[in-house]
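Worksheet for the structure shown next.
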Amino acid sequence: MKILITGATGLIGTELVALLLQNGVTVHYLTTSKKKIESKPNYHGFYWNPNQGIIDENALMGVDSIIHLAGATISKRWTPKYKQEIIESRILSSNVLYKALKEHPHSVKQLISASAIGIYPDSLTKIYTEENNEVDESFLGKVVMKWEESVNKFKSLNIKVAKIRTGLVLTNNGGALPEMEKPIKMGIGSPFGSGKQIQSWIHIHDLVELYLFAVEHELEGAYNAVASNPVTNKKLTQEIAAVLKKPLFMPNIPKFLMSLVLGEMHTILFASQNVSNKKIESKGFKFKYNQVDKALMNLLD
Ligand SMILES: NC(=O)c1ccc[n+]([C@@H]2O[C@H](COP(=O)([O-])OP(=O)(O)OC[C@H]3O[C@@H](n4cnc5c(N)ncnc54)[C@H](OP(=O)(O)O)[C@@H]3O)[C@@H](O)[C@H]2O)c1
């Protein structure tokens, strides 16, 4: 089997590539950075520049499935210009892929795109399944909606489309967890705001296995990628402190302060989404990490 990955060099992509190679899959990847292009047995990089509509079409040769992870990070100050980049990096990259598939003969049967639980409206009480059609009114809610729209159109090419609505990815190689660890290790960690906001998380091991499962089972439609037991921000902070054997005694960090420090991006820390994974479980996917303490012990201990 041959899979083309966009965003293969990022946090999730790196782990996913390792898993696919272990499973005997040949990986092609598209990168915006010429210096990241490598060619090893079963692992071949190709250049693209979605902003300029450039793509090396050789990347598509013999490909069965595409996994679309590319997108500018959301963990950077949201200036008006950067907000544009967050949206365009996702939409233009989908568009370039779509055009290449439309205009060239290919063997692609499925497109699996990253998506995010940020599509669901902020709520302390609701439990979200994939059937929920409301979209959060925040900037991120709109980004995810447009991102999903940009991949839905691949269906018109007779390609199966799956969207992996990903929660907070726990890994020790980057992303949110090392950032949460830092103040706790210094003894100045504490929850954000009321600490009651619900964080639906997933261990990186389970997330990359879920992508492989989506390929093997030719899944279509939206799937939430979160463990079975979302936790409050307070509980997550406490569990990280417990695994690191550090005390927590500082007062909670007020929202206005984080808004001064991070600007609009602070909303990510205070948003609450209690998300269900029943749909992917009903397809037969088994999570290895469903309890946050076990996930953190695996990553931090
Ligand atoms: N990590 C999480 O907690 C999380 C949660 C929900 C959803 N997601 C989504 O899952 C996807 C992968 O996440 P990640 O954490 O692995 O992201 P990441 O580490 O930031 O990597 C994303 C990759 O996208 C490519 N990229 C960056 N800017 C780009 C641009 N302007 N145009 C085209 N490509 C660009 C880069 O690859 P090259 O340099 O090789 O081009 C980069 O390695 C993202 O779309 C993210 O929004 C992540």
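The values are calculated or read from the model by the stated rules, or taken from the named source; none is laboratory data. Only a predicted model underlies this, so the values are computations on that prediction, with no experimental measurement involved. Heads up, the Cβs are rebuilt from the backbone with ideal geometry, glycines too, and the neighbour counts pull from every protein chain shown.
The residue pairs whose first member lies in region 105-120 and is in contact (Cβ under 8 Å) with a residue 40 or more places away in the chain, whose second member is of a type in the set (Asp, Glu) and assigned to a helix (DSSP H, G or I), and whose beta carbons are closer than 8 Å, counting only pairs six or more residues apart or on different chains, are 113/148; 115/148; 119/148.
With respect to (1) under 27 Å from residue 212 (Cα atoms); (2) out of contact with any His (no Cβ under 6 Å at 6 or more places or on another chain); (3) near the ligand (Cβ under 10 Å from one of its atoms), the lone exception for residue 113 is condition (2).
Here is a yes/no grid of residues against (1) at pLDDT 95 or above; (2) of a type in the set (Asp, Glu); (3) away from the ligand (no atom under 13 Å from the Cβ):
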| residue | (1), (2), (3) |
| --- | --- |
| 11 | yes, no, no |
| 15 | yes, yes, no |
| 19 | yes, no, yes |
| 26 | yes, no, yes |
| 34 | yes, no, no |
| 37 | yes, no, no |
| 48 | yes, no, no |
| 54 | yes, no, no |
| 61 | yes, no, yes |
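Does residue 86 satisfy the condition of being within 14 Å of the ligand (Cβ to nearest atom), of a type outside the set (Asp, Glu) and within 18 Å of the chain's Cα centre (by Cα)? When the stated conditions are applied, residue 86 passes them. All conditions in (1) free of Cβ contacts under 8 Å to residues at least 40 places away in the same chain; (2) of a type outside the set (Gly, Ala, Ser); (3) within 18 Å of residue 78 (Cβ to Cβ) hold for residue 132, with the sole exception of (3).
In region 74-92 there is no residue that is in contact with a strand residue (DSSP E or B) (Cβ under 8 Å, 6 or more places away or on another chain) and in contact (Cβ under 8 Å) with a residue 40 or more places away in the chain.
When region 92-105 is filtered for residues that are part of a helix (DSSP H, G or I) and more than 10 Å from the ligand (Cβ to nearest atom), the ones remaining, listed by number, are 94, 95, 97, 98, 99, 100, 101, 102, 103.
Residue-wise test of (1) closer than 21 Å to residue 271 by Cβ; (2) within 16 Å of the ligand (Cβ to nearest atom); (3) touching a strand residue (DSSP E or B) at 6+ places or on another chain (Cβ under 6 Å); (4) outside any helix (DSSP H, G or I).
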| site | (1), (2), (3), (4) |
| --- | --- |
| 136 | yes, yes, no, yes |
| 145 | yes, yes, no, no |
| 151 | no, yes, yes, no |
| 163 | yes, yes, yes, yes |
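Taking the criterion of being under 13 Å from the mean Cα position of the chain (by Cα) and either within 30 Å of residue 249 (Cα to Cα) or part of a strand (DSSP E or B) (or both), the residues of region 189-221 that qualify are 200, 201, 202, 203, 204.
Within region 222-235, the set of residues being in a loop (DSSP other than H, G, I, E, B) and either surrounded by fewer than 21 Cβ atoms within 10 Å (Cβ to Cβ) or among the charged types (D, E, K, R) (or both) comprises 228, 229.
Scan region 72-83 for residues that are more than 14 Å from the ligand (Cβ to nearest atom) and outside any loop (DSSP other than H, G, I, E, B) and report the count.
First pass over region 72-83, keeping only residues more than 14 Å from the ligand (Cβ to nearest atom): 77, 79-80.
Checking the rest, the ones that are also outside any loop (DSSP other than H, G, I, E, B) come to 80.
The total comes to 1.
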